[in-house]
1. On alpha carbon coordinates alone, what is the Rg over Rh value for region 89-152, Rh being the Kirkwood radius?
2. Run the reach check for K141 against lysines, Cα to Cα strictly under 27 Å, same-chain hits fewer than 8 apart removed. What comes back?
3. In whole Hz and in residue order, list the ³J(HN,Hα) couplings for region 64-69 that follow from phi through the Karplus curve 6.51 cos²θ - 1.76 cosθ + 1.60, θ = phi - 60°; x for Gly and Pro.
4. Aspartates and glutamates near K75 by alpha-carbon distance under 12 Å, same-chain residues fewer than 8 away left out - which ones?
5. ³J(HN,Hα) across region 179-189 via Karplus (A = 6.51, B = -1.76, C = 1.60, θ = phi - 60°), whole Hz, x for Gly/Pro?
6. Apply the Kirkwood formula to region 66-123: the hydrodynamic radius equals the inverse of the mean of 1/r over all pairs of different alpha-carbon atoms; give it in Å with one decimal.
7. Could you name the aspartates and glutamates in cross-link range of K28, using Cα to Cα under 15 Å and dropping any fewer than eight places away on the same chain?
8. Select from P182, I143, S90 the residue farthest towards the positive end of the dipole of the chain; place +1 on Cβ of Lys and Arg, -1 on Cβ of Asp and Glu, and compute about the Cα centre.
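The values are calculated or read from the model by the stated rules, or taken from the named source; none is laboratory data. Everything numeric in this text was worked out from a predicted model, so none of it was measured. Here the Cβ positions follow ideal geometry from the backbone for every residue, glycine too, while neighbour counts run over all protein chains shown. Surface areas here come from the heavy atoms of the whole protein model, side chains and all, with no ligands, DNA or RNA. Shrake-Rupley method; radii C 1.70, N 1.55, O 1.52, S 1.80 Å.
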Amino acid sequence: MSESLLDRVPVIPVVVIENLDHAVPVAKALVAGGLPVIELTLRTPVALDAIERIAAEVPDILLGAGTIVTPGQAKQALDAGAQFLVSPGSTPTLTAAMRDTGLPHLPGAATVSEVLTLLEAGYTELKFFPAEASGGANFLKSIHSPVPAARFCPTGGITAASASSYLALPNVGCVGGSWITPADVLAREDWDAVEAAAQHVHENT
Ligand code: 3PG
């Protein structure tokens, strides 16, 4: 994958799968809605199995693993079939483990010093997390002038309504969020609603 992770789609759906049987229908609904990308978070016991199933059954989706918080999870996600990795924060061992997979990855940062540390390590594309709680679009707007080399995918508390204020910034490539696949919609297995939310993003961002 040569293209930047930040420039593939304007919105990366961040998905928490509680029920393994939901993995494939959710991925298919996102593809059907015109948003062929998923960041499946490693926050539930079935997450790695969910990645495996999507990798096997929905080959036309760009499949990422999110919430990588330990070095071991980076390799597990690679082995399950993930095509990119996202971490909410970063440590030297975590970024080394993600780099060792050879996969594109977005390490997380929430402060200027964390951003500078990652720039020193060679990263120019970062996740900004938790975006809303860490200053939101105003934070990113404020650091563009002093730290122009860093570009971001902000996530955390972003909604359909607030996404555009982030996407208008020169140092934002895309945003991530769970609003396209909320827990209640997944619980009632409303795949049409997931497809409609994906289509709304596709047509309006
Ligand atoms: C993430 O891991 O990127 C966030 O948990 C997504 O945040 P949200 O659920 O507030 O959209």
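1. Radius of gyration relative to Kirkwood radius: 0.97.
2. Once the sequence-local lysines are set aside, what remains near K141 is K127.
3. Karplus values, whole Hz, x for Gly and Pro: x, 10, x, 6, 6, 10.
4. By straight Cα distance, K75 reaches D100.
5. Per-residue couplings from phi come out as 5, 6, 10, x, 4, 5, 5, 5, 4, 9, 6 Hz.
6. The answer is 11.2 Å.
7. Reachable aspartates and glutamates: E39, E52, E57, D60, E189, D190, D192, E195.
8. Farthest along the dipole direction, towards plus: I143.
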